[in-house]
Amino acid sequence: MKRLTAAVAVIALLLATPVVAHHSFSAEFDATKPITLKGKLTKMDWVNPHGWLYIDVAQPDGKVVNWAIEAGSPNALLRRGLRQNDFPIGSELIIDGYRSKNGATTANGTSVKFADGRNFFLGASDAAEDTPK
């Protein structure tokens, strides 16, 4: 009886835990709207299922806008040779990617280039597979 009670408790706990859904590239981002952003890194979230880079981008009118850039998972970034400490706050970055469909200052990153010339694939998704040919 104790095993049954424990099993029911574990199942109830699992069902009560919110589930973070993973999305496809095409559900959130527009492959027909490539974007290049240049700005200073303000924050980096090294979290699953995607890492996030936040950069301040100066607009032509001088206004500064903070962009959220979706990157690959921390494990995928590590396999590509990137480490969390490769992204010091204040670093100048050039990020290529695709705009969000909803017009927010959010993008799916494909590559990041540092001021010293290092260039890395961010691999946020299989955007190339979703991109119309």
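Quickly rank 64-72, 33-41 as a protection proxy: mean count of other C-beta atoms within 10 Å, highest first.
Details: 64-72: 19.3, 33-41: 16.1.
Per-residue Cβ counts within 10 Å, averaged per peptide and sorted highest first, yield 64-72, 33-41.
Can you tell me the order of 109-115, 93-99, 78-84 when each peptide is scored by its average per-residue count of other Cβ atoms within 10 angstrom, highest first? Display every interim value, and only then the final one.
On the way: 109-115: 18.6, 93-99: 20.9, 78-84: 13.0.
The most tightly packed comes first, giving 93-99, 109-115, 78-84.
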*Using only alpha carbon pairs under 8 Å that are at least six residues apart, calculate the relative contact order of the range 31-133 and give it in whole percent.*
29
*At what distance in nm do the modelled label points of SER73 and ALA58 sit from each other, each positioned 7 Å from its Cα along Cα→Cβ?*
3.9
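Every read-out reported here was derived from the displayed coordinates using simple, explicitly stated rules and does not represent laboratory data. A quick note: this is a predicted structure, and the numbers were derived from the prediction, not measured. When we count neighbours, we look across all protein chains shown, and the Cβ atoms used for this are built from the backbone with ideal geometry, even at glycine.
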